[in-house]
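A short write-up of the structure that comes next.
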Amino acid sequence: MRFSSTALLVACMASSASAFAPRQAPRTTTAVYQSTAAASDTEEERKMRKKDDRLRMMKSDQFHRRGFKEVREQVEDTMSEQFKSELVEQFKENNYVIDKDGVKVYLAKDFGFCWGVERSIALAYEAVEHFPDKTVHITNELIHNPEVNDNLSDMNVQFIEKIDGDAARKDFEKVKDGDVVILPAFGASYEEMDMLDKKNVEIVDTTCPWVSKVWNTVDMHQKKGLTSIIHGKYAHEETVATVSFCEDYICVKDMKEAEMVVDYIVNGGDKEAFMKYFKNAISEGFDPDTMLTKVGLANQTTMYKKETRAIGQLFQKAMMKKYGPVDAKSHYMEFDTICDATQERQDAVHDLVENAETLGLDFILVVGGWDSSNTAHLLEIPVKAGIRAFHINKAECIGADNTITHRNMEGEIVTDTLVEDLSKDVVMGVTSGASTPDAAVQSSLGNIFMLKQLQEAN
Ligand code: SF4
């Protein structure tokens, strides 16, 4: 297979939207769209209307995305009880350091629940309170956090099951007339929204506005005749939703895959091998010979942000090489869809890593759901810097026998010794993903304090 590595990084190049000549003639968008299934619609027209369709659905009286004021205060109290942590408040008062029971802990300056996740939980909880007599469903996990999803189960919210574990296929049979359906923080696919729109159900949309921003970006790509290069994992729920709003796309999960695509753009190569490798990550009818001539970049909001930027630069450079510096502008387009919350949490871990030696850190603990992409990326930063680091999803992963059961960078769940020498003071860093409540950090640290207390007592 001919996918040699192409290490190409250049400074950012400003892109001008007006420079884009569409690959296909753009259709005129209709101001008021009447029906998703108009008899005259061709498949092509239907695809080009996705954003207009989404906006039309959102205007329905049965579509709710601002929450329900009358239960807001009650929900705020519930969330505070479930998720806040006294210990984390102490960290904030003590410049993010606590020294307790022979354990010195440095908390990353940005960590835990982001604005989008808090908003999503609040909207979901408010929906349950507002519709007390209705059956409430959710199309997926609300966020990737086991406690939050367990809370929703306890509140009788029904999780719509995936068919054969496929995020793109779900069993909606149980959703009946008059039910309530919650859309999670990372959104729902166009097909799901369209299908729900045709049912007589109340839709509560908790999609984070940062995710909608990515959808608007890929919509712009398709209107300008660009293929969307999506930096994301093709099976992740957010990416499944994002690609549903695209026409032509290819997902690249990391720099290695981006380099494979760039190599094909610049040098061509074995088309069959290319198609085989990316078979699950491309749009229907994808042709790398014709669909990689004009591209736009978008990302899954929780990816490693420095990598998204580097991938963007890689494509810019490739287009410059192939079409020359002047024409390259009409072959590559990029808008910033990098979510601030993800960026800030990653920057804060970088700070811990850069100061690890000065602080004398033995390890860094990363707390968050094992399915949580943004949490997994927080782990990568210390591991790649050669610092011991562990990603746990709950406090119980820390055993009283000084073991830790954690998810490593390869995605395996393994058990290791936590503290190499318990007779000495422990110095550690801690952070948590954007979908992790502070209470989970507190209980995890509580187990480490306990470990040290037990050791001292023996
Ligand atoms: S991490 Fe970013 S995109 Fe995801 S929910 Fe939070 S604010 Fe929204």
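The values are calculated or read from the model by the stated rules, or taken from the named source; none is laboratory data. None of these values were measured; they are calculated from a predicted model. FYI the Cβ positions are ideal-geometry reconstructions off the backbone, even for glycines, and counts take in every protein chain you see.
Quick check on my filter: what residues within segment 265-305 are under 25 Å from the mean Cα position of the chain (by Cα) and part of a helix (DSSP H, G or I)? Within segment 265-305, Tyr277, Lys305 qualify.
Residue selection: Asp194 satisfies the criterion of being away from the ligand (no atom under 16 Å from the Cβ) and assigned to a helix (DSSP H, G or I).
Tell me yes or no: at least one residue of segment 402-411 is more than 16 Å from the ligand (Cβ to nearest atom), among the β-branched types (Val, Ile, Thr) and touching a Lys or Arg at 6+ places or on another chain (Cβ under 6 Å). No, that holds for no residue. Taken over segment 259-311, the residue count meeting the criterion of being β-branched (Val, Ile, Thr) and within 16 Å of the ligand (Cβ to nearest atom) is 3. Looking only at segment 182-191, count how many residues are crowded, with 22+ Cβ neighbours inside 10 Å, not in a loop (DSSP other than H, G, I, E, B) and not hydrophobic (A, V, I, L, M, F, W, C). Total satisfying the criteria: 1. The number of residues in segment 324-358 being away from the ligand (no atom under 14 Å from the Cβ) and either in contact (Cβ under 8 Å) with a residue 24 or more places away in the chain or of a type outside the set (D, E, K, R) (or both) comes to 19.
Condition check: modelled with pLDDT of 95 or more, under 30 Å from Val180 (Cα atoms), of a type in the set (Asp, Glu) and out of contact with any Asp or Glu (no Cβ under 7 Å at 6 or more places or on another chain). Does Glu93 satisfy that? So Glu93 fails the test.
Within segment 175-218, being at pLDDT 95 or above and of a type in the set (Ser, Thr, Tyr) holds for Thr206, Thr207. A search for C-beta distances below 6 Å between a residue of segment 411-437 that is in the same structural domain as Leu365 (by TED's automatic domain parsing) and any residue that is within 14 Å of the ligand (Cβ to nearest atom) and among the hydrophobic types (A, V, I, L, M, F, W, C), counting only pairs 6+ apart in sequence or on different chains, returns Thr431/Phe111; Thr431/Leu378; Ser432/Phe111; Ala434/Cys114; Ala434/Val117; Ala434/Ala341; Ser435/Val117; Ser435/Ile143. Within the option set Thr301, Thr293, Thr308, being over 25 Å from Met275 (Cα atoms) and β-branched (Val, Ile, Thr) holds for one residue only, Thr301. Being aromatic (Phe, Trp, Tyr) and in contact with a strand residue (DSSP E or B) (Cβ under 7 Å, 6 or more places away or on another chain) is a condition met by no residue of segment 303-313. Filtered by the rule that a residue be more than 16 Å from the ligand (Cβ to nearest atom) and not in a helix (DSSP H, G or I), segment 205-244 gives Lys224, Gly225, Leu226, Thr227, Ser228, Ile229, Tyr234, Ala235. The set of residues from segment 416-458 being away from the ligand (no atom under 16 Å from the Cβ) and of a type in the set (D, E, K, R) comprises Asp416, Glu420, Asp421, Lys424, Asp425, Lys452, Glu456.
The listed residues are Leu352, Leu378, Leu418, and the only one of them that is of a type in the set (A, V, I, L, M), surrounded by 23 or more Cβ atoms within 10 Å (Cβ to Cβ) and farther than 29 Å from His231 by Cα turns out to be Leu418. Flag not set for Lys109, criterion: modelled with pLDDT under 95 and of a type in the set (Lys, Arg).
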